[in-house]
Amino acid sequence: MKKLIASILVTIMVLSLCACAPAGEEEKPQGLQVGFGTADMTPKYSVGLAGYADSDTRRSEGVVDKIYISCLAFTEGEETILIYTMDLGACNETIANMFRGEVAAATGVAKEKIFCSATHNHSAPAVDKADPDNGRWVLETFVPGAVKAAQDAMADRASATILTAQESVEKMTFVRHYKKVDGSYAGSNFGTFGDVPIEDYAVEADDRMTLVKFDRADDKGDILLVNWAAHVDQGNALGRNNIASGYVGPLRDKLAADTGMKVFFVTGASGNLNPDSRITADMHNLNPKAYGEKLAESAVAILPKLKTIEGSGIQFTRYNFEAEIDHSWDDLKEVAQKIWEMSQIDTGSALALCREHNMSSYHQARVIVRRAAAGQTDTFPIYAFRVGGLGFISGHYEMFTESGRYIKDNSPFETTVLMTGNHGSIATARAYDHCRYEADSGSIAKGTAEKLAEKFVELLK
């Protein structure tokens, strides 16, 4: 009997100690945890805009729709990473480092585990613009928004299962390089080319939409990641000098309304892909709202095809990629400087001088000046990571559809999400031989795009 009583007393003591264990020692949830957070980063005053050759002078005059910075938090075991998508023109390491420190301090997530992408929005503030109003916006809105989105994502985490689907969505995007009837090549930002048939595009567009659903066990709601490649260009439809999200905002809004899910949009390899304007009557003027809502309908049609993918754990890797700078135009540095200065006053004369010297635009003239001042190489970090059985790549350049297709087709993952920062074009070798707009607008030498795509696949493996 004494032994029985002693045993009961020991059991009671053990149970009491367990009940009194401090909260910090509670057993952590098992499996993948995913959370979503977002913040409004619409400027409340006029700011300098990014996205076009006249970005030195173009300023916002109004707001068509709000722009956001959104964050996903992934936790499994001891590992947590954050990924961002922003309704901005571009994001590189300099821009990401504007908020990484503050986010790390607020969440406890290490700076090297914070990844970002931008939608390549042509109607958003220029984050790195030397303008007092833009600097004020960065300090008052952009950085606090990044912190808020991360904190909300961390607080929103819940157990999740990953489901994916990938399907072609036809006639919603096009390669803006095409072959003419005489065998020569040209480029156009419009979705139709008169008597040039669609099969004469220079290369095949990667029109695959990737959906990733994080099916969450708690009552916090499911999350839907949409990965699609097409330029996010407001154009003239609703005023090119207005703050707007392009087609991304309407896509998110309709998809959230139709599904009840939280929507996280990521732009893929869209360096030479434009949204097709033929869904509206006006062939040469994209309607961002109509386009975004049409894409949302396409996503809803794909949802029944979602399938669970297996895998556990979070891993990531970083590689410093060294790219050769194109110095083939250095002898035209002085005339390029003249063209750029002229473009701020008389664009017609500037373009005439461009044609005289075989330049594609006065934007290229500014790039030539920058290249001449640069070193021989540009070294920048690229990332690959996985969440369970899902693969991601993250880089800061604006990749072409050929690169995106190569990465997806050669990735060891069944589903790979391409996150691009869209900070300058990295054209494929083909584009250096014809349709040189993007090739001449970037700083990188011919052949680099192919090497970069191969390195991404290597990192994924």
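The values are calculated or read from the model by the stated rules, or taken from the named source; none is laboratory data. Being a predicted model, the structure only gives us computed values, none of them experimental. Here the Cβ positions follow ideal geometry from the backbone for every residue, glycine too, while neighbour counts run over all protein chains shown. What goes into the accessible areas is simple: the full protein's heavy atoms, side chains included, and nothing from ligands, DNA or RNA. Shrake-Rupley method; radii C 1.70, N 1.55, O 1.52, S 1.80 Å.
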Whole-number accessible area per residue in Å² for the chain, which is evaluated in the context of all protein chains at 1.4 Å: 43 Å²
Stretch gain in nm, segment ASP133-ASP219, where the contour uses 0.36 nm per residue and the Cα spacing is subtracted: 26.9 nm
Straight-distance crosslink candidates among aspartates and glutamates, where the alpha carbon sits under 13 Å from LYS307 and sequence neighbours closer than 8 are dropped: GLU167, ASP215, GLU414
DSSP beta bridges in the stretch 73-159 [antiparallel fraction, %, rounded to 5]: 45 percent
Simple spin-label estimate for GLU79 and LYS171 in nanometres, 7 Å along Cα-Cβ: 4.4 nm
Protection proxy ranking, peptides 337-344, 175-182, 116-123, average beta carbon neighbours within 10 Å, highest first: 116-123, 337-344, 175-182
Mean residue ellipticity (222 nm) of the chain, computed from DSSP H runs ≥ 4 via -39,500 (n - 2.57), nearest 500: -9500 deg cm²/dmol
Translational D in µm²/s for the stretch 352-408 (Stokes-Einstein at 37 °C, 0.692 mPa s, Kirkwood Rh from C-alpha pairs): 221 µm²/s
Selection from HIS120, LEU460, TRP329, by position along the positive dipole direction of the chain (Cβ): LEU460
Above-threshold pairs, the threshold being 30 Å between Cα atoms, out of LYS254/LYS446; LYS171/LYS220; LYS111/LYS446; LYS66/LYS213; LYS113/LYS220; LYS129/LYS446: LYS254/LYS446; LYS171/LYS220; LYS111/LYS446
Options ALA158, PRO275, SER360, ranked by Cα towards positive dipole end of the chain, top entry (Cβ charges): ALA158
Whole-percent carbon and sulfur share, accessible surface of the chain, 1.4 Å: 51 percent
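About its Cα centre, how strong a charge dipole does the chain have in debye, to the nearest 20, once Lys and Arg get +1 and Asp and Glu get -1 at the Cβ?
The dipole magnitude comes to about 840 debye.
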Straight-distance crosslink candidates among lysines, where the alpha carbon sits under 21 Å from LYS451 and sequence neighbours closer than 8 are dropped: LYS408, LYS461
